[in-house]
Amino acid sequence: MSAKKKKRYRKVLGRRTFLRGAGTVAIGLPFVDAMTTTSLYAAMPEPPVRAFNVFFGLGFPTPLQAEDWTGPLEALEPLRDRLCVIRGIDQYRNDIGGVNAHYDGSGSCFSATKVANETRRGGATLDQVLRRAAYPDGLPTGMIPTLAMGTYFRRADRPYRYLHSWNADGSPAAQAIDDPRDLFDRIFGSAEPEPTDTRDQRLRQSVLDSVLEQYRHYQSDASNLGVASRAKIADHLDRIREHEVRVFGDGTDGGTCTEPSRPPRSDLPLGAAADPGGEGVDVTLDGLVDHWRLMSDLYALAIHCDRVRFGCATYMSAGERIRMTGRYEFEGRHIYDFDDRADRGGRSGAQGCSHEFWHGFSADRENAELRAHLHLKLREVAYFLDKLDDPEHRDANGLSVLQNAMVTVSTESGDGRHNDVRRELSGIFHAISGANERFVTGDIVDVAAEGIDLYNTMLAAMGTGEKVGDPGRPVETVGAILR
């Protein structure tokens, strides 16, 4: 990739992303000064192990993947030197006896495992397998164990449509966050410190000590709570302890990270308003992009501040239903004028949503509307990845977070025959980062493999000794991705 193209891409910063002082430049530069000192680098000669799953909804039809960098994949081209694009990955074994490709494709993404039921996955996702292997005794005190964020609207449905970080027992590794203020509070904490005269006492004794015995009971086999309830309790107590460490410290003299201003609430429909009976919501292109980019900025800052090393990011959930309007440009070139309802013949409700362009896909047609939406999805995924590639936040080995971390990008469907459920889960698009030079980058790699083989090849290269999917199935190594 030429330096000129890389520089041009870095100028594509949503002009309204810098909401009320919470933009990337304002919140990132103070941290740069603190994190580039010789003493800190000397203390951390090797980069920490990190893994993140990045999901975009509705899929990438395989005929469009075949167009290489001239098709919708063009939107990722500025980062091609940082990624290995992988084609030909099948998840169709996870659709046998399933519901439909929206559920089964998103449910097996990053885990290659059939879902257990409406609320539980069938097994761990890549990030959680690596987290357990790399930090068997737990992450450093006060660090967020797993951070899940996204811009999505199908939330009144099965959680694995929009959440892509799961534990081995099928419980969520974190609760998904779709509001910038909630994400800010999760990262930096929202409560005020105690008066200074109680600080020493609070440092000596955590508030969690008072409930430790009850906690152990409810997490034990004697508890009558289900897996999901136990996970919620553990997550809640983790958050309390994280906040204590941030407010009062943990007794060490670690580096500091300047916090940004607390952002306002999003103007997008969230919560129940984001999914009115599956009939879709009206959004503008600018509003959608601003929301995602602010979330991306905050999430990337959390990583650069080393407050999180594992998690997931979702740009539009599986089976997403929106009616978008707005002029879309890429690198100064007009791509498309979105008006989903009009493009759907003025239909109302779900029938007027962009979701229907995927159902109507045909390799014999231009598919202009689908192409534009897919191009936008990949551009916004690229925005998030580019934040992780920020040269101002290099690790001790001189590489960026994107280069060092195991970042996996995927979606719910591939083949393009949206009404053929089994075949829809073939040819699923994947892209992975180099993971500290373990995987090839800069190439488009065509393989004929299943997701279980791709994922377990990645985990083996990371030295985990663990697998995802059917434990009794031998792994067929996907050697084409390995350096």
| Which of the residues spanning the range 337-351 are outside any strand (DSSP E or B) and buried (at least 23 other Cβ atoms within 10 Å of the Cβ)? | 340
| remark: In the range 320-339, residues that are without any contact (Cβ under 8 Å) to a residue 40 or more places away in the chain and among the hydroxyl-bearing types (Ser, Thr, Tyr) total 1
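I need a count of the residues in the range 114-138 that are over 18 Å from the mean Cα position of the chain (by Cα), of a type in the set (A, V, I, L, M) and buried (at least 20 other Cβ atoms within 10 Å of the Cβ).
Narrowing the range 114-138 to residues over 18 Å from the mean Cα position of the chain (by Cα): 114-120, 122, 132-138.
Filter once more, so that each one left must be of a type in the set (A, V, I, L, M): 115-116, 133-134.
Of the ones still in play, those that are also buried (at least 20 other Cβ atoms within 10 Å of the Cβ) are 115.
Result for the range 114-138: 1.
Only residues that are modelled with pLDDT of 80 or more and in contact with a helix residue (DSSP H, G or I) (Cβ under 8 Å, 6 or more places away or on another chain): list them for the range 179-194, please. Don't jump to the end; show me each part of the working.
Taking the range 179-194 as the starting set, the residues that turn out to be modelled with pLDDT of 80 or more are 179-189.
Residues satisfying the conditions are 180, 183, 184, 186, 187, 188, 189.
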| note | Listed by range, helices (runs of 4 or more DSSP H) wholly within the range 377-483 having at least 2 residues that are under 22 Å from the mean Cα position of the chain (by Cα) and at pLDDT 95 or above are 401-404, 451-461
| said: Just to be sure I understand, how many residues within the range 162-186 are among the polar types (S, T, N, Q) and buried (at least 22 other Cβ atoms within 10 Å of the Cβ)? | reply: 2
| said: Take the residues in the range 435-444 that are more than 7 Å from residue 84 (Cα to Cα) and touching a Lys or Arg at 6+ places or on another chain (Cβ under 7 Å); name whichever of them is surrounded by the most Cβ atoms within 10 Å (Cβ to Cβ). | reply: 439
| If you scan the range 90-116, which residues turn out to be assigned to a loop (DSSP other than H, G, I, E, B) and touching a Gly at 6+ places or on another chain (Cβ under 6 Å)? | 91, 111, 112, 113, 114, 115, 116
| query | What do you reckon, is residue 436 over 23 Å from residue 320 (Cα atoms) and either among the hydrophobic types (A, V, I, L, M, F, W, C) or touching a helix residue (DSSP H, G or I) at 6+ places or on another chain (Cβ under 9 Å) (or both)? | reply | yes
| said: I need every pair where a residue in the range 389-416 that is on the phi < 0 side of the Ramachandran plot has its Cβ under 7 Å from the Cβ of a residue that is in a strand (DSSP E or B) and aromatic (Phe, Trp, Tyr), sequence separation at least 6 or different chains. | reply: 405/52; 407/52; 410/55; 410/429; 411/55; 411/56; 411/429; 414/429
| query | If we keep just the residues of the range 159-174 that are part of a loop (DSSP other than H, G, I, E, B) and farther than 18 Å from residue 315 by Cβ, which is farthest from the chain's Cα centre (by Cα)? | reply | 169
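Conditions (1) polar (S, T, N, Q); (2) in contact with a Phe, Trp or Tyr (Cβ under 6 Å, 6 or more places away or on another chain); (3) on the phi > 0 side of the Ramachandran plot, marked per residue:
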| site | (1), (2), (3) |
| --- | --- |
| 95 | no, no, no |
| 102 | no, no, no |
| 117 | yes, no, no |
| 126 | no, yes, no |
| 141 | yes, no, no |
| 145 | no, no, no |
| 154 | no, no, no |
| 167 | yes, no, no |
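Considering every residue within the range 69-78, establish whether at least one is over 22 Å from residue 464 (Cβ atoms), outside any helix (DSSP H, G or I) and of a type in the set (Gly, Ala, Ser). Walk me through how you get there before you give the answer.
First, pick out the residues of the range 69-78 that are over 22 Å from residue 464 (Cβ atoms): 69-78.
Going one step further and asking which of them are outside any helix (DSSP H, G or I), we end up with 71.
Then drop every residue that is not of a type in the set (Gly, Ala, Ser), which leaves 71.
Yes, the range 69-78 has at least one match.
Say we look at the range 255-289 and pick out the residues that are polar (S, T, N, Q) and closer than 24 Å to residue 375 by Cβ; which of these is surrounded by the fewest Cβ atoms within 10 Å (Cβ to Cβ)?
Taking the range 255-289 first, the residues polar (S, T, N, Q) are 256, 258, 261, 266, 284.
Adding the requirement that they be closer than 24 Å to residue 375 by Cβ leaves 266, 284.
Numbers: 266: 19, 284: 14.
Applying the filter and picking the extreme gives 284.
The values are calculated or read from the model by the stated rules, or taken from the named source; none is laboratory data. Predicted model, so just to flag it, every value in this text is computed and none were measured. Cβ: placed from backbone, ideal geometry, glycine included. Neighbour counts: every protein chain shown.
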